[in-house]
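Right, one structure below, let's go through it.
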């Protein structure tokens with residue numbers, strides 16, 4: 001998300017110099033018209049899965065959801081970062 005934002009001239013830093021989290025960048029990319037609201041919502045959903053994994057909430061998702069997320073990430077990168 002940060003690479004896509006930089007590529008399109010959007011800032012990835014907050015006013016205090018720290019990096020923005022994924023959701024504000026996601027909102028800005030959608031607002032800038034780089035993708036539509038459906039993609040924005042999908043990114044938000046997959047980010048929730050990643051957050052659950054990072055915090056050890058393994059019961060909140062299953063292996064198939066991880067496979068689907070990886071397919072989404074691959075397609076997103078192919079569509080928007082190539």
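The values are calculated or read from the model by the stated rules, or taken from the named source; none is laboratory data. On a predicted model such as this, the values are computed, not experimentally measured, just so you know. Glycine also receives a Cβ, built like all others from the backbone with ideal geometry; neighbour counts cover every protein chain displayed.
Looking at region 69-80, I want the residues that are in contact (Cβ under 8 Å) with a residue 24 or more places away in the chain and have a partner that is surrounded by 11 or more Cβ atoms within 10 Å (Cβ to Cβ) and outside any helix (DSSP H, G or I) with Cβ atoms under 9 Å, at least 6 apart or on another chain. Which pairs are those?
Once the first residue is in contact (Cβ under 8 Å) with a residue 24 or more places away in the chain and sits in region 69-80, its partners that are surrounded by 11 or more Cβ atoms within 10 Å (Cβ to Cβ) and outside any helix (DSSP H, G or I) give 76/35; 80/34; 80/35.
Among the residues of region 47-58, are any over 17 Å from residue 78 (Cα atoms), at pLDDT 95 or above, touching a helix residue (DSSP H, G or I) at 6+ places or on another chain (Cβ under 9 Å) and not in a helix (DSSP H, G or I)?
yes
Among the residues of region 31-41, what is the count of those that are surrounded by 14 or more Cβ atoms within 10 Å (Cβ to Cβ) and within 15 Å of residue 7 (Cβ to Cβ)?
Of the residues in that region, 2 qualify.
Can you pull out every residue in region 1-18 that is closer than 24 Å to residue 74 by Cβ and either touching a strand residue (DSSP E or B) at 6+ places or on another chain (Cβ under 9 Å) or surrounded by fewer than 11 Cβ atoms within 10 Å (Cβ to Cβ) (or both)?
2, 12
Could you run through region 59-82 and say how many residues are in a helix (DSSP H, G or I) and closer than 24 Å to residue 7 by Cα?
Matching residues across region 59-82 total 12.
Looking only at region 19-32, count every residue that is under 18 Å from residue 75 (Cα atoms) and assigned to a loop (DSSP other than H, G, I, E, B) and tell me the total.
Going through region 19-32 one residue at a time, the tally reaches 0.
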